[in-house]
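Visitor: Sharing a structure with you now.
The values are calculated or read from the model by the stated rules, or taken from the named source; none is laboratory data. Small disclaimer: the values here were computed from a predicted structure and weren't measured. Positions of Cβ are backbone-derived with ideal geometry, glycine not excepted, and every protein chain shown enters the neighbour counts.
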Amino acid sequence: MPYLQSDGAKLYYEEAGSGTPIVFVHEFSGDLWSWEKQMQYFSRRYRCIAFNARGYPPSEVPAKLSIYSHQHAVDDVAVLMKHLKIRRAHIMGCSMGSRTALDFGLTYPRMALSLTMIGIGSGGDPRNKAQFLRDAEKRARLYEEEGLEQVLKGLRVAANRIQLKHKNPRAWDDFSRRFLLHSAQGCANITRRVMAPRRSLFSMENALRAMRVPSHVVVGDEDPGAIDSGLFMKQVSPAVRLSIAAATGHLVNLEEPDLLHRITDDFYALIEAGKWRAR
């Protein structure tokens, strides 16, 4: 099993194919296997790499809280690329991974050929930070005190996730099975140290206006938080194109893989032909 060491944590990764690299960054409730359909599709023409973030077995689940942070998550992508001798790559993230992808593009713009951000969230409203932090702590305690099965009960009825169950029961069952293989303590650590302290997207207008990395935000029309974030990014950043998937929730890569592949092929083709232009 391939691993790399990144600032206090051993990370597991997989790769397939050859060509221009794509690095996939998973969502909070998923893992690298959430990208299996994309790995299968894009590895026909690209070198595809997916990894499990720190806190997600078989990557290491460090006990030391100080080595969890949003900056660690961003830097882990850079360490992975350097480990694999990749100078530049397309970066594709979902939800929590989308925010990692965005901040990777802002922190390491010369390493990012493009950013694809699926279901990106706001990271809270800067006007109500205290409530956001209280809610995050409540979620972390739920993982620690009730465990993964109890959390999954909530995910099963979440409005922005239920569409996956309706569209593809087998994919939903696979998502549920894989979720129960996570570490409850790892999820609690990520909630407290990665999710909760992140800067709100709505406070990043200046950085987004200055961003030059070609960027594609993809959201489902039944994921209100992501729609708000996507519209904000489209309004303030000349680098962003926005795609909205009809009758789709949070997990566009699982719910509508063919649509995602088609619009991403078009996005990558523009970049590779030198025809992508900022607004």
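Visitor: Based on what the data block shows, is L181 touching a strand residue (DSSP E or B) at 6+ places or on another chain (Cβ under 9 Å), at pLDDT 95 or above and not in a helix (DSSP H, G or I)?
Guide: no
Visitor: For the range 7-28, how many residues meet the condition of being touching a His at 6+ places or on another chain (Cβ under 8 Å) and polar (S, T, N, Q)?
Guide: Residues flagged as touching a His at 6+ places or on another chain (Cβ under 8 Å) and polar (S, T, N, Q) within the range 7-28 amount to 1.
Visitor: Would you check which residues across the range 49-75 are out of contact with any Ser or Thr (no Cβ under 6 Å at 6 or more places or on another chain), of a type outside the set (A, V, I, L, M, F, W, C) and part of a loop (DSSP other than H, G, I, E, B) and list them?
Guide: The answer is R54, G55, Y56, P58, S59, E60, P62, K64, Y68, S69.
Visitor: Now a separate question. Looking at (1) touching a residue at least 40 places away in the same chain (Cβ under 8 Å); (2) surrounded by fewer than 24 Cβ atoms within 10 Å (Cβ to Cβ); (3) not charged (D, E, K, R), which is the one condition that is false for Y108?
Guide: For Y108, the exception is condition (1).
Visitor: Same structure again: Evaluate the range 218-240: report whether one residue or more is surrounded by fewer than 20 Cβ atoms within 10 Å (Cβ to Cβ), under 17 Å from the mean Cα position of the chain (by Cα) and without any contact (Cβ under 8 Å) to a residue 60 or more places away in the chain.
Guide: yes
Visitor: Hey, any hits in the range 76-89 for a residue that's under 22 Å from N189 (Cβ atoms), part of a loop (DSSP other than H, G, I, E, B), charged (D, E, K, R) and in contact with a strand residue (DSSP E or B) (Cβ under 7 Å, 6 or more places away or on another chain)?
Guide: Among the residues of the range 76-89, not one is under 22 Å from N189 (Cβ atoms), part of a loop (DSSP other than H, G, I, E, B), charged (D, E, K, R) and in contact with a strand residue (DSSP E or B) (Cβ under 7 Å, 6 or more places away or on another chain), which makes the answer no.
Visitor: Could you tell me which of the residues R199, R209 is more than 18 Å from the chain's Cα centre (by Cα) and of a type in the set (D, E, K, R)?
Guide: Exactly one residue qualifies, and that residue is R209.
Visitor: Taking the range 98-120, which residues are in contact with a His (Cβ under 9 Å, 6 or more places away or on another chain), within 24 Å of L164 (Cβ to Cβ) and either modelled with pLDDT under 95 or not in a helix (DSSP H, G or I) (or both)?
Guide: Residues satisfying the conditions are L115, T116, M117, I118, G119.
Visitor: Please list, ordered by first then second residue, the pairs with beta carbon atoms under 9 Å, 6 or more apart or interchain, first in the range 184-195 and touching a residue at least 40 places away in the same chain (Cβ under 8 Å), second buried (at least 23 other Cβ atoms within 10 Å of the Cβ) and part of a helix (DSSP H, G or I).
Guide: Matching pairs, first to second residue: I190/A73; I190/M96; V194/A73; V194/M96; V194/T100; M195/M96; M195/R99.
Visitor: List, please: which pairs have Cβ atoms under 6 Å, are six or more places apart or on different chains, and start with a residue in the range 21-44 that is aromatic (F, W, Y) and in a loop (DSSP other than H, G, I, E, B) and end with one that is at pLDDT below 95 and buried (at least 21 other Cβ atoms within 10 Å of the Cβ)?
Guide: Matching pairs, first to second residue: none at all.
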